[in-house]
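So the structure is just underneath, and the comments pick up after that.
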Amino acid sequence: MCRSQLKIFKSSVCLGLLLCNFKLLALEFEPGIGVGLEYTDNAKLSADNQLDDLIAVGYIGAILREDDGPVQADIAASLNHHRYTKDTYKDLRYFSLAATAGWEMIKNRFDWLLRNVYNQRPINSADPNTPDNIQDSNAFTFGANIIYPISARQVFTLFPEYRNFYYEIQSTDNQQFSLAASWNYDIDNVSSAGWEASVRTVVYDEPVINDVNFGNISFIFSNVRVRSNISTRLGSTYVERENGQSTVELAGNLDWLVDLTGRSRIRTFIATDLTDSSNGVLTATVDPEVGDPDDIQITTDVVRSQVISLGYLRQDGTFNSSLTGQLRNLNYSESPNDRRIWSVNAVFAYPITALLSSGFYGRYSNTDFLDTGRIDNKFTIGGGIGYKLSRKLSSRFDIKYRNRDSTSDSADFTAWSVYASLKYGFGEPMRPTLSGGF
């Protein structure tokens, strides 16, 4: 707990250094408070020993934003207290922090950048995320963007960066030091091309774990039009461990976004990369469309990640929807955690009146654990309604069904849950089974 608090303190100090010397003229601050109540017929997500429980939730949170002038900041924090009234688990507190900040120290020349993500992660990603399989984690990033225009069409950029990853239970804490350099040439008003090179060292806090060095060189291309954006990166990554093991493999990605009607879009994302699991989780946390971060097992391995994702999103005043299909391969250099995952995720939201809204969601995934032969089929479906009692006061009611059918009989479970909440201001009380093993 002390280490966790120290991580938050260090992050807050760095954020304060960015903000303290500026008068924030467009500061937006909104607190939040709420309560929730959830009943589930299988609190432990167990195949045999199914225990029902009624879980009470207390929530406080706040958001702080600044988007005018040289300082940009977006900070959201929350604290949730869960009380299991039938004592299935002891009372639990979950803190979360999502903070990004930037300071344009010299316009178009020098930027400071900061990000901190504090949340909860599964210890074993193959098991349900019940309270006995949850740990606090923190990812802190601090860097600078140094820009040097060579000519009207050419720009050279340096990006030094420091990252620190903390895990409450696992002995995989690490620090990362990286330096990236890029040269970019504007071909015309919509297209640009160039080269990017980077080096990164992963230093694990445990001295018995071999540190890792990554090196990458890539060709980059982007095309930005009114209704479509495409960016590509193609190159190779060199990896060397402290024990002398090394490899060179292909790395790259394609990210293609197409606006269909102005209110709907399609995104295609294809990537293959060599990285460490901490960075893989952080990338998926920041951009969930590239994959579920809970699919990744935190280890000290080098991970080959391959993903193909196709997503559709529609947002308008009458109907909001999203549909995403994804195929993902994760191959670990040492531990037996290789897996192939394909999934479909759908969310639909419909405002019935100005005050009353409804929503439905569903997800199916198939996970093949390649080293053990275990196969999991997981299915979730749910829906609910929300009602605005005033501009800032709202309530929510939701019912959810979850099922996992596994070739490992002990991993099977089914669970129903019903949830109701009332909140004022920012955020939402954290549903106890939201991270409850899918």
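Of the residues making up region 66-74, one or more are in a strand (DSSP E or B), without any contact (Cβ under 8 Å) to a residue 40 or more places away in the chain, within 24 Å of residue 284 (Cβ to Cβ) and in contact with a strand residue (DSSP E or B) (Cβ under 6 Å, 6 or more places away or on another chain). Only residues that are closer than 15 Å to residue 211 by Cα and either more than 25 Å from the chain's Cα centre (by Cα) or among the small types (Gly, Ala, Ser) (or both): list them for region 224-250, please. Within region 224-250, 238, 240, 241, 242, 243, 244, 245, 246, 247 meet the criteria.
For residues in region 184-208 being more than 26 Å from the chain's Cα centre (by Cα) and of a type in the set (A, V, I, L, M), which is surrounded by the most Cβ atoms within 10 Å (Cβ to Cβ)?
Only one residue fits best here, namely 193.
With respect to (1) over 30 Å from residue 261 (Cβ atoms); (2) of a type outside the set (Gly, Ala, Ser); (3) over 24 Å from the mean Cα position of the chain (by Cα); (4) part of a strand (DSSP E or B), the lone exception for residue 377 is condition (3). Within the bounds of region 407-415, is there any residue that is of a type in the set (Ser, Thr, Tyr), more than 29 Å from residue 30 (Cβ to Cβ), in contact (Cβ under 8 Å) with a residue 40 or more places away in the chain and assigned to a strand (DSSP E or B)? There is at least one residue in region 407-415 that is of a type in the set (Ser, Thr, Tyr), more than 29 Å from residue 30 (Cβ to Cβ), in contact (Cβ under 8 Å) with a residue 40 or more places away in the chain and assigned to a strand (DSSP E or B).
So if I check each of 422, 434, which one is outside any strand (DSSP E or B) and of a type in the set (A, V, I, L, M)?
Just one listed residue meets the conditions, 434.
Take the residues in region 136-153 that are loosely packed, with under 14 Cβ neighbours inside 10 Å and not small (Gly, Ala, Ser), then tell me which one is nearest to residue 205 (Cα to Cα).
Of region 136-153, the ones loosely packed, with under 14 Cβ neighbours inside 10 Å are 148-153.
After this cut, where a residue has to be not small (Gly, Ala, Ser) as well, the list is 148-150, 153.
On the way: 148: 35, 149: 39, 150: 40, 153: 43 Å.
Filtering region 136-153 for residues that are loosely packed, with under 14 Cβ neighbours inside 10 Å and not small (Gly, Ala, Ser), the one nearest to residue 205 (Cα to Cα) comes out as 148.
Considering only residues of region 107-134 that are within 15 Å of the chain's Cα centre (by Cα) and of a type in the set (Lys, Arg), which is nearest to residue 414 (Cα to Cα)?
The first filter runs over region 107-134 and keeps only residues within 15 Å of the chain's Cα centre (by Cα), leaving 115-122, 125.
Subset that is of a type in the set (Lys, Arg): 115, 121.
Details: 115: 38, 121: 22 Å.
So, considering only residues that are within 15 Å of the chain's Cα centre (by Cα) and of a type in the set (Lys, Arg), the one nearest to residue 414 (Cα to Cα) is 121.
On the stretch given as region 336-348, residues that are crowded, with 16+ Cβ neighbours inside 10 Å and either aliphatic (A, V, I, L, M) or within 18 Å of the chain's Cα centre (by Cα) (or both) total 4. Residues of region 141-180 that are within 14 Å of residue 108 (Cβ to Cβ) and in a loop (DSSP other than H, G, I, E, B): 150, 152.
The set of residues in region 104-140 that are more than 23 Å from residue 46 (Cα to Cα) and in a helix (DSSP H, G or I) is empty. Of the set (1) under 25 Å from residue 431 (Cβ atoms); (2) in contact with a Phe, Trp or Tyr (Cβ under 7 Å, 6 or more places away or on another chain); (3) in contact (Cβ under 8 Å) with a residue 24 or more places away in the chain, all apply to residue 338 but (1). Out of 268, 261, 283, one residue alone is modelled with pLDDT under 95, surrounded by fewer than 17 Cβ atoms within 10 Å (Cβ to Cβ) and either not charged (D, E, K, R) or not in a loop (DSSP other than H, G, I, E, B) (or both). It is 261. Where strands (runs of 3 or more DSSP E) fall wholly inside region 287-364, the ranges with 1 or more residues that are of a type in the set (S, T, N, Q) and under 17 Å from residue 276 (Cβ atoms) are 302-314, 320-332.
The values are calculated or read from the model by the stated rules, or taken from the named source; none is laboratory data. Note that the structure is a prediction, hence the values are computed from the model and not measured. All Cβ positions, glycine included, derive from the backbone under ideal geometry; neighbour counts span all protein chains shown.
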